[in-house]
Structures are given as structure tokens and as C-alpha cells.
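To keep things clear, I will list the structure first and then write my remarks on it.
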Amino acid sequence: MCGIIGYAGKNEAAPIMLDSLRRLEYRGYDSAGLVVSRDKKLYLTKSAGYVQILADLTEEGAQMPGHVGLGHTRWATHGQPNDANAHPHISDGGTIAVVHNGIIENYRKLREFLTGKGFTFSSETDTEVAVNLIQYYYDRSHDILRAVADAARRMEGSYALGILCEDLPDTLIATKRESPLSIGAGDGENYITSDVAAIITRTRNIITLRDYEIAVLRADGVELYSGELDRLTRKAEVVDWDVAAAEKGGYPHFMLKEIMEQPESVRRSLSPRIRDGEIILDELEIPDDYLKSISKIYIAACGTADFAGVVMKYNLERIARVPTEVVFASEFRYNLPPIDETTLVICISQSGTTADTIAAMREAKKNGARVLSIVNVVGSVIAEESDWSLLTLAGPEISVASTKAYSTQLAVGYLVTLYFAKVRGTVTPDAYKTAVDALVRLPDAIEETLKLQETTQYLASRYFSSNDIYFIGRGLDYALSLEGDQKLKEISYIHSEAYAAGELKHGPIALIDAAVKTPVVAVATNKRLIDKMVSNAVEVKSRGASVLALVTDVTAETMRGVAEDLITVSDYEEAFLPSLAIIPLQLFAYYIALQRGCDIDKPRNLAKSVTVE
Ligand code: F6R
């Protein structure tokens, strides 16, 4: 999705911004641009295609001297990904430059209004409406802050805006509504960014801009204003992400690096919250009475975060005995189920900025439910606005395909489940102790499972040329199938689907084609359900499928002889087994994509953080 960088400092802005734009590339984009402010003039370079084109056009920024500037990577929403539609956009009067993330929903009406006032447009974007609206108000007041505030009031939808005005060559302005925007407070230089990973090597002091606030940045400081232009003060938060975590560190892809980081990420998310055999969730402060009164949980999330929610659902229902439903946030927001004060809505999100999940959270709150969020980015909208928030401590996740964020979402989900179960009295002291002990050992068990790297690479070489691959499973294995399928399709572009194994006979089995020996990945780690899974594997095999079974050292024996290939993880406590079994599924997707020559960290059409609907 689009990325914003802005710089105001003592150094040359363009080379620094190019470095940041390269760090934003992982989010997915199709054009890029830079503008710098110098001697009361704005200098612009932009182009469809990669940041490298921009770097070549500007000789790595050397052709664009200036100490204040804006940069952008655009993921097309309004209009083709071409030079004209790329950001930054300059106003018709030429005084204002803007970069923009989000969608201005009333842009047609505003465009008509501005056309009526004599403004002309050279692109199809909603962003050009924003820049001209600011110019319109600036022409009237000659006060850029007032102009930004006035324009912001008229724009509907979502926006994060970086703004330059040629009359103020040392100043950068920013404002936002619903789209994320952060300020990096450095030493003699300050930044704006839509993604902290873009500036983490330069400063860790981050101020998260809130809706309608306006920030004014110069080399020597940052001023913050409300939408009514009252002066505000807010201290920067220190983001303690490891700088190396945002670099590839010798791995060929961020995805592989992040897969390998999972033991550590899970350890960081679990160990501070387990003390002397007890789960301590200091951050939560949920009254026990409320926890006991919960009659229904909805989990609202998108994509991989949603599939982590499916694992959580099975565990919450079996261990904490709370009826739980998982609903895609995009569905939840417009089809609100009956909710009241005894409903808990859990929003799961890596970025904390996914537009649909934000909307689901707000709808839930508006209708009387309480919201618990599980989020990876400190200070993000979802972390800030939910009633209670637990951080996953995955560190920055750069690869578009989520791996370590998913693993930490599972881990925090286990903590919440056991904590709820204890308070609600649905778990015996012995079972609680066994479960907590297993959680303590979990990071090491994940580490051990990563040794399957070579075996998975071999299996990928057997299946990489398939056109279709299906995943089947039951219960937690079904939840895993959803994520195994998601990983495979998004990075390898192989058509794949996941089905609850019991549903096969009701339709999907027709897809098995003996002529091509359609591969079916049978996820069969659950001891209780292994006989049922073997039956399902036999059903597809007898129709010509080739079966790759993901089993444990306990379930392997029953599946042997049915499956062509077996991949075996160690048996573990049922509730936490997904944390081990997901490892070979992630590696399988990775190595298949590698063999197919795909752009693994930046899969086509996808974006890391989906901040528009
Ligand atoms: C898939 C993936 C996406 C995200 C989804 C939600 O690998 O990364 O499906 O999980 O877009 O994003 P967050 O978790 O940031 O809300």
C-alpha cells in the first residue's frame, strides 16, 4: 500500500528519502516520486515503476538538492499507475505539494467545486483534489496551517497527507484522518512516515499523529496542533525495534528471515507474561467480573490475522468454554451481529492500521461491546482505540506474507485463552499447570521444528509445478489449512483452497483430477481426529489425488501408506500444536515460490498494510 516519507533537517533530503522509499518498497507499490523545497520553489521528480527508476532519474538524489522534502510510493486506487497519477502532486497554482495515502471519498464533489473555481487537473487522482483544495484555502488566508485545517474539514474518507508550501521552504506539514502517519523526532532532523520501518535506522522517537491533528516540522523541532489549531504537546514514544530486524541480515528474503525469527518472536511475546507458573497480563486490567460475564466473543480481523483468530476460536471454545465466532472485519463492519455489553470483540492485526479492522472495532464499540486488541505496532490506531490491548512482540515484519506476526498472534491467543479459562473456572489447576509448562517450552519446540527446512525444500521441488493444490484439515488442523493455503497462493500464485475435510464430499472432491494427480495437503496432526483424516485422505487418493500429509510423530503411523509424502512435526499439547505445524507450511510456500521464481517479499497486487477499504 502507499508509503509516505517526509524530511526536514540539515542534510540533503533526497538521498535520505530514497533510502526510506526503498524501505517502504515491501508494502507494494507501482510508482514513486519525490519533491524538495529550495529557494522558495518546489522541485518534483516522479515516475511509474520502481524506486530505482527514481534514483536513476535523480542520480541517487544528487540532482535534487534541498533540505526539506516529501517522497511517496503509490499503490494505485484512483487512476492507472502512470507518471501523471504518481505522487507528489503539485497544486494548479504551483504553490503547494502533497503526498497522500488513503481515499478521499467525496473527491468528485470537491473536484466539481474546484473546477467551478477555475482549477484545472492533470491527473485522475483524488490526491490532486486535496492539493488544490489546500491551495484554494491558502489563496484566501495566506496561512498554510489554516488552509490545511479548512481543507481537512471538507474532505471525507481517509487521508494521511504530507504537505509542502513553497513560501515556507524550511517547513513540512502533516495531517491525517484514519490513515496512519507518524512523526520521527531526530536530532536536528525530523521525519514523517506512514510506516516506522522506513525511518527506524534514523530515529526511534516516534509520535503517532491522531486524527485531524496537524504537525509542523522543521530541522529544529516539531509543533503539534489540534484540528482547531490549538497548540498540543505530546511526548515521543521510544520504539524499541531492533534496527537489524528491518534489514535482511544475509537472508535472501525477508520472508525466510522472519520464518527463522519465530522462536525468538514467540519467546518475546510469551516469556514476560509467564511468571512462576502464572500467566500475568499486567497490560489488560480486565475486571474478573466482566470476564465472567462474557456471553459471546467475536474475533474480527483480516487475512492471516483472521486465520490466527480461527485457531483462537477453537481454543477459546474448548478451553475457556466461551462461544466464539470469527468474522472477517470487512463483513463484520457492515453486518453487525447482535452485540451488547456481555459481548467481547477481539480485533487481531499486525499493523494496527487495517482499515476494515479499524472500522469493525469502532462499530463494535459504538454498539456497546468491549474491544480487546492483539496488535504488533505500538501506538497504532487499533492499539490506542481498543479498550484493552496486548502487543505481539514480533518486531517489524517486512515481508508482505505474514509469518512471525501470525506466530506471535497465536502465542498471545494462547495466553488470553488460558487466562480467561482460569478466571472463568473452566480449567483445572493441573490442566492449567500442564498448559503453562507447555507454553514455556514452546519457543524451543518451534526452533526444533525449523530443522524441517531441508525436507520441506525437497517436498516443494516435487510439487512446485502444480496448477492447483488443496489443503484439508479438521478443527485446529482446518484453521492451519486456511493459513497454509493463504501463504501458498499469495507468494507462489498457485491456485489453492482450504477445506474443512468433512466438507469434501459435499462438493470440493469434484475438483480432484486423476489426470494431473491433484495434490492435496492433508493436515493431520490431531490425535483425536486422525482416523477421520485418514478416511478423507483415502477418499481423495482413490479419486487420483496425490496426498502430502502433515502429521506428528504420533499420528504418522496411521497415515503412512495412504500419503505419498509425509512431513512430521513433534507431537505437542493439542491447543499449541498449530505453532509447530505452521512452520513446514510456511516453508513449503516459501520454497515453492522460490522454485517458481516469484517476487517473494513483494507479491504482485498485494500490500503489507491495507489502509483503504
Ligand atoms: C497475509 C497477510 C495479510 C494480512 C492482512 C491483515 O500474509 O499478511 O493477509 O494478515 O492484510 O493485516 P493486519 O494484520 O496488519 O491487520
Give the lysines whose C-alpha is closer than 25 Å to that of Lys109, dropping any in the same chain fewer than 8 places away, or say none.
Lys117, Lys176
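Let me know the Kirkwood hydrodynamic radius for the chain, please, with Cα pairs as the basis and the value in Å to one decimal.
After inverting the mean inverse Cα-Cα distance, the result is 25.4 Å.
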Over the chain, the sum of -39500 (n - 2.57) across DSSP H runs of at least four, divided by residue number and rounded to 500 deg cm²/dmol, gives at 222 nm -10500 deg cm²/dmol
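Which order do you get for Leu418, Leu566 if you rank them by accessible area with a 1.4 Å probe, largest at the top? Don't skip to the end; give the middle numbers.
Numbers: Leu418 5, Leu566 45 Å².
Sorted by accessible area, descending: Leu566, Leu418.
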For the chain, find the longest principal axis of its Cα atoms and tell me its angle to the long axis of helix 13-24, 0 to 90°, nearest 10.
20 degrees
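What size of dipole, in debye to the nearest 20, comes out for segment 451-595 about its Cα centre when the only charges are +1 on Lys and Arg C-beta atoms and -1 on Asp and Glu C-beta atoms? Don't skip to the end; give the middle numbers.
On the way: 13 positive and 18 negative charges, 48 e Å.
The dipole of segment 451-595 has a size of about 240 debye.
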The alpha-carbon center of segment 541-593 and that of segment 285-331 are separated, in whole Å, by 27 Å
Rounded tilt (10° steps) of 429-449 against the dominant C-alpha axis of the chain:
70 degrees
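If you add up the charges near Gln80, with Lys and Arg at +1 and Asp and Glu at -1, over every other residue whose beta carbon is less than 15 angstrom from its beta carbon, what do you get? Don't skip to the end; give the middle numbers.
Details: positive: Lys46, Arg74; negative: Asp30, Asp83, Glu124, Asp126, Glu128.
Summing Lys/Arg as +1 and Asp/Glu as -1 gives -3.
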I'd like to check one number: the per residue accessible area of segment 3-240, probe 1.4 Å, reported in Å² as a whole number.
38 Å²
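At 1.4 Å probe size, with every protein chain present, just tell me what the per residue accessible area of segment 247-427 comes to in Å². Display every interim value, and only then the final one.
Details: 5980 Å² over 181 residues.
Computed with neighbouring chains in place, this is 33 Å² per residue.
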Which order do the peptides 374-385, 581-592, 133-144 come out in when sorted by mean C-beta neighbours inside 10 angstrom, highest first?
581-592, 374-385, 133-144
Cut-off under 5 Å, modelled amide H: who pairs with Gly66 long-range
Ala13, Ala14
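Under a point-charge model restricted to the Cβ atoms of Lys and Arg (+1) and Asp and Glu (-1), what is the dipole moment magnitude of segment 299-453 relative to its Cα centre, in debye to the nearest 20? Intermediate values should be presented prior to the final figure.
Numbers: 14 positive and 17 negative charges, 50 e Å.
That gives segment 299-453 a dipole magnitude of about 240 debye.
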Using Cα centres only, tell me the gap between segment 67-98 and segment 457-497 in whole Å.
39 Å
At each listed q (0.09, 0.10, 0.17 Å⁻¹), what is the log10 of I(q)/I(0) that the Debye formula gives for segment 3-240 modelled as equal alpha-carbon point scatterers?
-0.31, -0.38, -1.23
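Whenever you get a sec, compute what percent of the accessible area on the chain sits on carbon and sulfur atoms (1.4 Å probe). Present the calculation step by step, with values, prior to reporting the outcome.
On the way: 10940 of 22620 Å².
That share works out to 48 percent.
Which pairs in the list Lys313/Lys527; Lys517/Lys602; Lys257/Lys602; Lys248/Lys451; Lys313/Lys422 are over 22 Å apart, alpha-carbon to alpha-carbon? List each step's numbers first, then the result.
Numbers: Lys313/Lys527 19 Å; Lys517/Lys602 30 Å; Lys257/Lys602 14 Å; Lys248/Lys451 20 Å; Lys313/Lys422 17 Å.
From Lys313/Lys527; Lys517/Lys602; Lys257/Lys602; Lys248/Lys451; Lys313/Lys422, over 22 Å: Lys517/Lys602.
Given a 1.4 angstrom probe, what's the average accessible area per residue across segment 451-595, in square angstrom?
Numbers: 5300 Å² over 145 residues.
Result: 37 Å² of accessible area for each residue.
Using Cα-Cα distances under 8 Å and only pairs 6 or more residues apart, what relative contact order does the chain have, in percent?
Values: 1417 pairs, mean separation 74.0, N = 613.
In percent, rounded to a whole number, it is 12.
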Students often forget the sequence filter, so: which lysines lie under 19 Å Cα-Cα from Lys40 once same-chain residues fewer than 8 apart are removed?
Lys10
Specify the angular offset, from 0 to 90 degrees and rounded to the nearest 10, of the alpha carbon long axis of helix 453-463 from the longest principal axis of the alpha carbons in the chain.
90 degrees
Could you work out Rg/(2.2 N^0.38 Å) for segment 451-595, with Rg from alpha carbons only?
0.92
May I ask you to evaluate 6.51 cos²θ - 1.76 cosθ + 1.60, the Karplus curve with θ = phi - 60°, for each residue of segment 407-419 and list the ³J(HN,Hα) values in order in whole Hz, giving x for glycine and proline?
4, 6, 5, 4, 4, 5, x, 5, 4, 4, 4, 5, 4
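What's the magnitude of the charge dipole for segment 3-240 around its Cα centre, counting Lys and Arg as +1 and Asp and Glu as -1 at the beta-carbon? Answer in Debye, nearest 20. Write down the numbers at each step before the final one.
On the way: 26 positive and 34 negative charges, 67 e Å.
Charge dipole, segment 3-240, about its Cα centre: 320 debye, nearest 20.
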Please work out the Cα center distance from segment 408-438 to segment 13-60, rounded to the nearest Å.
49 Å
Could you please report the charge total around Gln586, scoring K, R as +1 and D, E as -1 over all other residues with beta-carbon less than 11 angstrom from its beta-carbon?
0
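The values are calculated or read from the model by the stated rules, or taken from the named source; none is laboratory data. From a predicted model like this one, the values you see are computed outputs, not experimental measurements. For neighbour counting, all protein chains shown are included, and Cβ atoms are generated from backbone atoms with ideal geometry for every residue, glycine included. To get the accessible areas, we keep the full protein, side chains included, count just its heavy atoms, and leave off ligands, DNA and RNA. Shrake-Rupley method; radii C 1.70, N 1.55, O 1.52, S 1.80 Å.
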